[in-house]
1. So how do 248-260, 351-363, 121-133 stack up, highest first, on mean other-Cβ count within 10 Å?
2. Treating region 308-466 as a set of equal point scatterers at the Cα positions, no solvent, please give the Debye-formula log₁₀ I(q)/I(0) at q = 0.11, 0.13, 0.14, 0.17 Å⁻¹.
3. Which of the residue pairs K171/K358; K160/K365; K211/K358 have a Cα-Cα distance greater than 22 Å in the structure shown?
4. For region 376-428, what class follows from the C-alpha gyration tensor (a ≥ b ≥ c being the square roots of its eigenvalues): rounded when a/c is under 1.5, otherwise prolate if a/b is larger than b/c, else oblate?
5. According to the square roots a ≥ b ≥ c of the eigenvalues of the Cα gyration tensor, what is the shape class of region 324-387, taking rounded for a/c under 1.5, prolate for a/b larger than b/c otherwise, and oblate for the remainder?
6. Order of 414-427, 189-202 by packing, highest average Cβ count within 10 Å first?
7. As an exercise, find the ratio Rg/Rh for region 109-207 from alpha-carbon atoms, using the Kirkwood inverse-distance average for Rh.
8. Find how much the distance from A250 to S329 grows on full extension, using 0.36 nm per residue of separation minus their present alpha carbon separation; answer in nm with one decimal.
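The values are calculated or read from the model by the stated rules, or taken from the named source; none is laboratory data. Since the model is a prediction, treat every value here as computed from it, not as a measurement. Glycine also receives a Cβ, built like all others from the backbone with ideal geometry; neighbour counts cover every protein chain displayed. Each accessible area value is taken on the protein alone, full model and side chains, heavy atoms only, with ligands, DNA and RNA left out. Shrake-Rupley method; radii C 1.70, N 1.55, O 1.52, S 1.80 Å.
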Amino acid sequence: MRKFILYSSTFMLLNGVAEAACIKTPTCSSLGYESTTSCTGGTKCPFGNYWNCDSVNKITELTNKITELEKIIEEIKQNSSSNSDILSNCQVGDILYSDMTCNSVYVPGKRPIGVVFDRENKLAIGLDASNQSWSTEYFDVPGLSNIESSSTAIVDWQGKNNTKVVLEYCKANGKSCPAFEYVNSYKTEGTQAGDWYLPALGELNAIYNSKHELNIALGKVGGSELSTNYYWSSSEYSSDSAWPLWFRYASMYGYLKNNKNDVRPVIDYGDWANSSAGDEEDSSQTCNVGDIFYSDKTCSADVVSGKTPIGVVFDAENRKAIALEGSPSIMEWSTGYIDIPGITNTYYNEAKQDFNGKANTAAIKAYDSSLSNYPAAKYVYEYKTTGTNAGDWYLPALGELNTIYSNKDYINNALSLVGKEDIPTGYHWSSSVYSYLQAWGLGFSNGYVNYSYKKNGGYVRPVLAF
């Protein structure tokens, strides 16, 4: 009996050992230890030299994403300092949005308002067009030069000024100018009536040259694509004709004003961005002649502690200011004698009505990109202050220079408040031109207006449209 029990116990023991031997030993891989390389912060497999680094990899991935986000936020901070800086990156064919950004692709949730056709001058066309006559009757527009040569008309880039001149004349004299009335009333989300204008022939030609890229972008946003029809420009040919451009063959010639052609609004989105930024800061801000103009685009009759003055208001209605300082000495208008395409030679009365200093300066820059032969324009173009960049300031036209002289007492008083010297009493250059030899200027001792040889010396004072 005792032997039986012992035998039975042995049998039971051996059976248990056999059962235990059938259990499969876990591997490092089955437990999640798959890395053959050790990692700081990871865990080691108890059965071999394998590691679990998932948590470390996830933390590293998260850290990298945070770093990328921080870079994006920093870029946004840097770009948000100026709407003009953001828009300076726009390319021809980019879609322009109502939030003052642009992109080569359609961005859902944003409102497209135009397409860029000139990145250097920050110009875009509207998404829509209309078929209108230039005017319903024949008349000559005072203040608008008659251009009878296509080679001269095609360098006219003063569409914004042309539109203003025509509208003012038509309104004052009861004339009907449908093409101009259409662009002036044109508005979109983010823009208002008066922001858009009828392009001059030079601008219209630039639109034609980029029509392929523009039509691709217009198709993306459901805009009205550029047709092969005639398009009106704001450039005047004569009392009864104006300049259109035929988009089938790029031909141009004088066309009777009462004929109907397509009309495409254009916007200077650089000016629009600056004016919108000013509106956001203080849409109720009223500036007066003689006010100190500050870098935050506000103005005050008194010195405001903590703000940086950069100019003095000389034209409150058109919101223009002169710089606190001008050229330290006299300089040449140009180093040689030549006509500048885009600037019309003017006699005394016309010159005194020239308020197109910004367009004149842009025309000089377009003719000589380095401005190496145009010291006066080069000085103002490179002038910059806190809150402004090179290219924001310009050489005033004679009408603007005459307005500065008329208000020089108010201006000099403001200059003294901010510790600056009075405007020099010597001869000052304007951007208005008498001939290929001479340009207009004004003496600040007596207000005498006269033209002088471009190689002669004159003071230069930058002007800013705000």
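1. Details: 248-260: 14.8, 351-363: 23.6, 121-133: 20.7.
Highest-to-lowest ranking by the protection proxy: 351-363, 121-133, 248-260.
2. Taken in order of the listed q values, log10 I(q)/I(0) reads -0.37, -0.52, -0.61, -0.92.
3. Details: K171/K358 25 Å; K160/K365 18 Å; K211/K358 27 Å.
Cα-Cα > 22 Å for K171/K358; K211/K358; rest within.
4. Details: a/c = 2.05, a/b = 1.26, b/c = 1.63.
Here region 376-428 falls in the oblate category.
5. Numbers: a/c = 1.60, a/b = 1.32, b/c = 1.21.
Prolate, because a/c is 1.5 or more and a/b exceeds b/c.
6. Details: 414-427: 15.7, 189-202: 21.6.
Highest mean packing first, the order is 189-202, 414-427.
7. Numbers: Rg = 14.2 Å, Rh = 14.6 Å.
Over the Cα atoms of region 109-207, Rg/Rh equals 0.98.
8. Working: separation 79, 0.36 × 79 = 28.44 nm, distance 4.67 nm.
Gain on stretching A250 to S329: 23.8 nm.
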